[in-house]
Amino acid sequence: METENQYFMHGGDYNPDQWFAYPDILKKDLSYMQQAHINTVTLGVFSWHALEPEEGKYQFEWLDEVFDQIHGIGGRVILATPSGGRPQWLSQKYPEVNRTNNLGQKHTHGFRHNHCFSSPIYREKVRLINQKLAERYGDHPALAMWHISNEFSGECFCSYCQENWRQWLKNKYGDLATLNHAWWMSFWGNTYSDWSQVLPPSPLGEHKVHGMDLDWKRFVTDMTIDFYLHECAPLREKTPNIPITTNFMAEGHATQDFIPLEGIDYGKFARYVDIVSWDSYPDWHNHFESLASTAMKSGYVHDQYWSLKKQPFLVMECTPSYVNWHQFNKAKKPGMHMLSAMQQIAHGSDSTLYFQWRQSRGNSEKFHGAVVSHDGSTQNRVFKEVAAYGARLEKIKEIKGTTRKKEVAILFDWESNWALNRGGGYGRPTRRYQQTLQEHYRYFWEQDIAVDILTPDQDFSEYKIVLAPMLYMMRQTTMEKLKRYVANGGILVSSYFAGMVNENDLLYLGGLPEPLRELFGIDVLELETLLEDEHNEIKYQGKSFQTKDYSAIIDAQSARVLGAYQCDFYSGSPAITENQYGEGVAYYHAARTNGDFLQSFYSQLAKKLNLRKEAIAEANPAVSIQGRISAQRSYYFVMNFSEVDQAVSMLKRVVDLETNQSVENTVLLAPYEVRIFYVENEQQ
Ligand code: GLA
Ligand code: ZN
């Protein structure tokens, strides 16, 4: 193991408390870790029972020993707070700590991640155990970071949470008349006349009010952050210099998607963590898309988590082989672990951490992959591939902590997504906001043009081009920001659905809001949903492109029409427009198009804006190139996301970071191969 901090974290969840009865197995862990080039372990994620088996009776000796052992081999510890899995005695003695569902049913103990975030007793018990952990390990030289709880998610509807909900609404709206207006409660005559009538949404009661649903989701995000901050307080007090994180998630496997979790506004949450971390489980080797498509989606999520702080993030969990919860839990084929893990680093991660070190012997995750499998061998393929990866990470450690340079931004707004998904009309199953953003991203990924995915609250003034398709909910401040951006020379692309509602999901009256009308030089007259197999066509630069799902019917005012519809009652009307505004240009896509159109549209913009000027090779859709940059060097990860050899035509002379050989002309990549090159910055 390495001794200083200037290395990529390689390791993961270590659960010795599952193995107390197997001292022989535990004894092997340390030397195995060294063989696997592991330098970091996450301890304590579900250890509350092992640390406090009875109320107020703590046993830290086992954890002391593990801390010292890890330190002894030069490793570092990410210490988790244990609130993600509370002990039986706690739920039994204080049932209020368990969640209540939206039917009013109280949960009994079991499973995990299911505490009430309002319960005063739960908060107090969590504060106590966190304080103990901070006191005991705060000065331990191996302590690298705090990991708060685990994968925060979900909601509670108990009386404490209801009270907090009403208070949250009072703080936000002040009086009931304002609330009634914001939620449009005069519809169906449901106007509130007393605060005590305001309950959380429930299938047994109010569940059709869009403004309420939106606020409930905001409230759940705020309560989750509030609980997180409550957990942080005793740690900050004792260890002000130890960074704090909590692991974010991605979702969508049942639907063949791979997108950042939608349920919590991570854009907001990220402001409170010192470093963003997330758990990455793409469905590699699936039967529904090419490997490159899976890699594109995985790259997108990495880019989004990078962009939350525009700083290196951590991959807190991933699997070295398979998971146990995809539809088909495929093993990573030889070489795939190296490729998929290097992709994390390429997109800005400073770690590869696994769930988990040793495969569980029983219970619900016993078939989940791990570094050490049930065979307990260091000679199996998975272990050897992890070790090879760890060794390679050590060789490229100078890349750790480096930044990324981007000229393209996509805007994504969690709140807008919630609102958009909630509305009844306009074909709900086809909304697919994040997936549509990924279709726009695809062009840039295939061209090796790096992209940030920002929330509208972040600063996007410096990007050459900003994509904001489907930004349904727009605050006045966002519209003004977009106007300023374009007026100062920015290039903006937006689409159908953009700017329809305000922050309460109330429609803007009188057509497209004035600032957007000026910016795009159009007005939107109607929005039409297409049937599943229905298409329109757009004529654009002499070619026909099929559209799907949505057509906005628009009127071009100052905008120039670049493409017009070819079918249906709006045939001949504008579908793609361009409007010069100040020093910049705003484009509007009235229809949802396929990849062929997006490719043709964006390739022209990319050429015009010279977006590939830093490319080191000809673009190849199966080979992804992502870069990181330090003050001295620009690094390039060249990754073959295909099952065949790929010849990459270099545009520049680069140096292989691992061999120091200089490379030009053509580089031949074997299936799944990754090469890492650099160029000295001053030579550029
Ligand atoms: C999540 C959890 C882990 C484990 C893995 C399995 O990321 O945080 O505890 O359940 O999933 O993939
Ligand atoms: Zn509750």
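The values are calculated or read from the model by the stated rules, or taken from the named source; none is laboratory data. Not measured: the values here are computed from a predicted model. When we count neighbours, we look across all protein chains shown, and the Cβ atoms used for this are built from the backbone with ideal geometry, even at glycine. Surface areas here come from the heavy atoms of the whole protein model, side chains and all, with no ligands, DNA or RNA. Shrake-Rupley method; radii C 1.70, N 1.55, O 1.52, S 1.80 Å.
Across the range 623-680, C-alpha contacts under 8 Å between residues 6 or more apart give a mean separation that, scaled by the residue count, equals a relative contact order of 39 percent. Where only DSSP H runs of four or more residues are counted, the chain gives -9500 deg cm²/dmol as its mean residue ellipticity at 222 nm, each run worth -39500 (n - 2.57). Rounded to the nearest angstrom and listed largest first, the equivalent-ellipsoid semi-axes of the range 333-399 from its Cα gyration tensor are 24, 13, 10. Please compute, over every Cα-Cα pair in the chain, the percentage with a separation greater than 50 angstrom. Result for the distance tail: 15 percent. With every protein chain in place and a 1.4 angstrom probe, the accessible-area ranking of Trp62, Trp414, largest first, reads Trp62, Trp414.
Projecting the Cα atoms of Thr477, Leu512, Gln447 onto the dipole axis of the range 426-538, where Lys and Arg carry +1 and Asp and Glu carry -1 at the beta carbon, places Thr477 farthest toward the positive end. Surface listing: His589, His374, His140 arranged by accessible area from highest to lowest gives His374, His140, His589, probe 1.4 Å. The lysine pair count for the range 1-131, using Cα distances under 22 Å and pairs eight or more places apart or on different chains, is 5.
Suppose R0 equals 30 Å. What FRET efficiency, 1/(1 + (r/R0)^6) with r the Cβ-Cβ distance, do Lys106 and Glu55 give to the nearest 0.05? That pair, Lys106 with Glu55, gives E of 0.90. Within the full protein context, the accessible area of Lys613 is estimated at about 100 Å² for a probe radius of 1.4 Å.
Farthest towards the positive end of the charge dipole of the range 596-684, among the residues Leu651, Val667, Leu611, is the Cα of Leu611, using unit charges on the Cβ of Lys, Arg, Asp and Glu.
Just name one of Ser461, Gln162, Ile244: the one whose Cα is farthest towards the positive end of the charge dipole of the chain (beta-carbon charges, Lys/Arg +1, Asp/Glu -1). Of the options given, the answer is Ile244.
Within the assembled protein chains, the solvent-accessible surface assigned to Asp17 is about 40 Å², based on a 1.4 Å probe. Shown for the chain are no DSSP H helices, since none reaches 27 Å along its axis, judged by Cα atoms, with a mean Kyte-Doolittle hydropathy of at least 0.0.
About its Cα centre, the dipole of the chain is roughly 480 debye, where the only charges are +1 on Lys and Arg Cβ and -1 on Asp and Glu Cβ.
In this structure, the pairs whose alpha-carbon distance is over 23 Å, taken from Lys405/Lys548; Lys310/Lys384; Lys332/Lys397; Lys330/Lys366, are Lys405/Lys548; Lys310/Lys384; Lys332/Lys397. In this structure Glu537 has an accessible area near 70 Å², from a 1.4 Å probe over the protein heavy atoms.
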